[in-house]
Amino acid sequence: MDKTLLIFKNEFRTYVLRKSFIFVLLLGPAVGLILTLIIQSANHNASSGAPSPIAQFFTPEINKSLEGYVDLSGRVTRIPENLSGRLKAFSSEELAAAALGRKEIVAYYLIPADVVDEGEIIYVRPDFNPISGQANSSVIIDLMIYNLLDGDQTLAYRVADPLNTTRAYLTEQPQRDPNSLLTFFLPYIVTMLLYALILTTSSVMLSSVNTEKSNRVIEILMTSVTPIQMLTGKIVALGLAGLLQTLVWTLSGWLLLRLGSGGISISFQLPFTIILWGLLFFLLGYALYGSLMAGVGALVPNMREASQVTTLIILPMVLPLIFINLLIEAPSGTAATIFSLFPFTAPIAMMTRLAATNVPVWQPILSAALLVATVILLVRSIAGMFRAQTLLSGQPFSARVFFRALFGKV
Amino acid sequence: MPTIVVDKIVKTFGSMRAVNDVSFEVSPGEIFGLLGPNGAGKTTTIRIILDIFKPDSGKVSVLGGEMTSEKKDRIGYLPEERGLYQDMPLQQCLVYLTNLKGVPPAESDRRVEAYLEKFDLAPHRKKKLKELSKGMQQKAQLIATLAHEPEILIIDEPFSALDPVNTQMVKDLLREERDRGTTIVMCTHQMNQVEELCDRLVLIHRGSSVLYGGLDEIRRKFADQAVLVRAASDLPAQIPGVTGRQNRNGSQLLTLDPQAKPQSVLAYLVNAGVVLEQFEIAMPTLDEIFIKTVTGQELLE
């Protein structure tokens, strides 16, 4: 049997039978199921008005609790029906503070006399939490609009929510329901998925190459196989294992989306082309980062010394995560386009864009072509590191050593 | 035809010349000692023979020609730095390494199973290697070296870190392999083991070959003009041709005149009625030869 095939079989079997691999393989669909339940529940909540247990679980406690207000301006004369049970009027701040002390209310608003001129309202909470303090602001906004409009509830609704558009798209691609939360979450999910898959599979490549060195079995292997046979067997095996994980995650995601839509009308559709592009960009991303990690594995005497360089290597992969909002909010902007064409950020950034909007087809093609070219150059360089002399060397490792080797200077 | 021919090989790493013009031949079915102090260039020489490293110059011929991947499968190698896949079950690891040596899977299974039985490791076949004791791991390493039934066995420091029981086991195994016709290259600095096992040897010091030949031939070459005698009674005070005497482990080491012959000393003692229990040409130990050669070399340098 061809020795590359033997290495491939051994690597694939060892990797996919690992408990950690099986756990992560099942974790993806499990997390997807939970997310789907939450989103479904939130959608249901929005349409029926009845909060589901899951929606309640994720709703901050303060949003369900009673708050007080003290009006010193004389403009707030009544509480709208939809806020009854959420707000209680107090005639003085002392009374409101006493109620807060007795925990009858969770916070109170102090509406000053000059609120109309200054627009400033004081919000008093017992704890310091600037983020959650903002979460409940719609209650006081609704109260103020309602009262400033002399209790005209219809007008108050219009002022609070003046834009309610119905969107129509001219593109021929399957449409995603713009009002579905899944449409909103898809780019985030795709970005995280690709990042997790490429990072884990590439990292396994590093540990797999280094296993032979740290277990000191490399010298025996060198008398049975060539370094290139070893590299090829490993890259293909781990790539296929990663592809298996991608397929399982993607298919379970697709099934969950169907289940999420109730199986009757698919309000949210995952375009099939995204799955195909996803598989391609995963493979190219893995080939790129997996090769780099294999190079580190070949040079580094043990895994402890690899961390500094691996951090540097994965830095470009993190950039799309740092700028994820930019990529999603302006997916056709210059920055997003550059990120999705630059080979080291392309695997993730392009998938974020494809999940967020309709990208001109030449762009993913160009991006994939640039990635292929980069991977070819990298694999040629990394193959140079897979020499017996390097693999058997125990010399100290540093980022400088790695990058010099990468550019063929060692 | 020699099994291995090493012809004037040179290997340099950076500014350091690890192997310098080393030549030797290993004959079929012999145990050949590749000796030298630590850092002498033994392991580099072995790696060149195994085609792991390419020499800067010189040639190596194995089994009648250049190394090929097919020939590599006919070699068993036990490196100085022992190691197997620690997280893999014992049997799976050994079968995988045997497969990599070109043995079909079913045959690998059969051979590994037989060796596991032979080395009393069969009950541990499903255990991960890291769960085995050091002694068991040493045995597993030997199985990995032998299971593909190699024609050439190259073993680097085979007795390092072995207890006396396992040392004896390895010795027996090497003799067994030699009797089976396997050519063995044993790389070590433990001279007593070489004396016990090797037929011929080469001594490498600072990358260069300083001594090469048959074990007896080398010992004779380094033998002083002396005989070792033990008698039931006292030796005569004056023995013709003897210029000095000293005690050595209950025997008398008699230093002879350069012109004197051991046979004439023996004849004199017999004629004098001495009851001899031992009479032999005093041979230096390999340790003494080793030290003499290495220090002599250093003095020369």
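The numbers here are math on the coordinates, done by the rules we state, and not lab data. Just so you know, these numbers come straight off a predicted model, no measurement behind them. For neighbour counting, all protein chains shown are included, and Cβ atoms are generated from backbone atoms with ideal geometry for every residue, glycine included.
Below is a table of values for the structure above.
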| read-out | value |
| --- | --- |
| Under Karplus coefficients 6.51, -1.76 and 1.60, residue-wise ³J(HN,Hα) of the range B:159-166 in Hz, glycine/proline x | 9, 5, 6, 9, 7, x, 5, 5 |
| Rounded to whole Hz, the Karplus (6.51, -1.76, 1.60) HN-Hα couplings of the range A:289-300, x for glycine and proline | 6, x, 5, 4, 5, 4, x, 4, x, 5, 8, 7 |
| Residues with amide H under 5 Å from that of B:THR243, placed H, sequence gap 5 or more | B:THR255, B:LEU256, B:ASP257 |
| Most fluctuating residue given options B:ARG206, B:ARG248, B:ARG178, as computed from a GNM of chain B linking Cα atoms under 10 Å | B:ARG248 |
| Two-site FRET efficiency, A:GLU118 against A:LEU83, from Cβ-Cβ distance with R₀ of 22 Å, rounded to 0.05 | 0.45 |
| Mean Cβ neighbour count within 10 Å, used as a protection proxy, ranking B:181-188, B:235-242 highest first | B:181-188, B:235-242 |
| Top of B:ASN192, B:ASN20, B:ASN99 by mean-square fluctuation, Gaussian network on chain B, Cα under 10 Å | B:ASN192 |
| Rounded tilt (10° steps) of B:286-300 against the dominant C-alpha axis of chain B | 90 degrees |
| Taking the range A:61-160 and dividing mean pair separation by its residue count, relative contact order in percent (alpha carbons under 8 Å, at least six apart) | 31 percent |
| Taking the C-alpha atoms of the range B:77-150, convex hull volume expressed per residue in Å³ | 79 Å³ |
| Rounded to whole Hz, the Karplus (6.51, -1.76, 1.60) HN-Hα couplings of the range A:99-114, x for glycine and proline | 5, 5, x, 7, 6, 6, 10, 9, 6, 9, 9, 10, 8, x, 5, 9 |
| Average beta carbon contacts from partner chains per residue of B:46-59, 10 Å cutoff | 2 |
| The range B:230-251 versus the range A:1-29: alpha-carbon centroid distance in Å | 74 Å |
| Taking N as its residue count, the alpha carbon Rg of the range B:224-282 over 2.2 N^0.38 Å | 0.98 |
| Stokes-Einstein translational diffusion, the range A:61-160 - Kirkwood Rh over all Cα pairs, 1.306 mPa s, 10 °C, in µm²/s | 115 µm²/s |
| The range B:224-282, relative contact order in percent, only Cα pairs under 8 angstrom and at least six apart counted | 51 percent |
| Sequence ranges B:25-36, A:304-315, ranked by mean other-Cβ count within 10 angstrom, highest first | B:25-36, A:304-315 |
| The range B:142-180 versus the range B:83-134: alpha-carbon centroid distance in Å | 16 Å |
| Cα coordinate range in the protein assembly as shown, projected on the principal axes (Å, largest first) | 144, 60, 50 |
| Of A:LYS3/B:LYS8; B:LYS261/B:LYS292; A:LYS3/B:LYS130; A:LYS19/A:LYS234, pairs whose Cα-Cα distance is over 21 Å | A:LYS3/B:LYS8; B:LYS261/B:LYS292; A:LYS3/B:LYS130 |
| Label-to-label distance, nm, for residues given as A:SER398 and B:ARG17 (7 Å Cα→Cβ offset) | 3.1 nm |
| Too-long pairs where the Cα-Cα distance tops 26 Å, listed order kept, from B:LYS101/B:LYS128; B:LYS71/B:LYS134; A:LYS9/B:LYS101 | B:LYS71/B:LYS134 |
| The range B:1-82, relative contact order [Cα under 8 Å, separation at least 6], % | 35 percent |
| Per-residue mean of C-beta atoms belonging to partner chains within 10 Å, peptide A:221-233 | 4 |
| Rounded if a/c under 1.5, otherwise prolate or oblate - the range B:4-219, Cα gyration tensor axes | prolate |
| Averaged over B:96-109, number of beta-carbon atoms from partner chains that fall within 10 Å | 3 |
| Rounded Å value of the spacing that divides the Cα centres of the range B:1-73 and the range A:68-94 | 94 Å |
| Residue-averaged [θ]222 nm for chain B, counting only DSSP H segments that reach four residues, each worth -39500 (n - 2.57) | -10500 deg cm²/dmol |
| Net charge dipole size for the protein assembly as shown [Lys, Arg +1 and Asp, Glu -1 on Cβ; Debye, nearest 20] | 1000 debye |
| Dipole axis of the range B:252-301 (+1 Lys, Arg; -1 Asp, Glu on Cβ), positive-most option in B:GLN252, B:GLY273, B:VAL294 | B:GLY273 |
| Neighbour net charge for A:TYR109 - beta-carbon separation under 9 angstrom, K R +1, D E -1 | -2 |
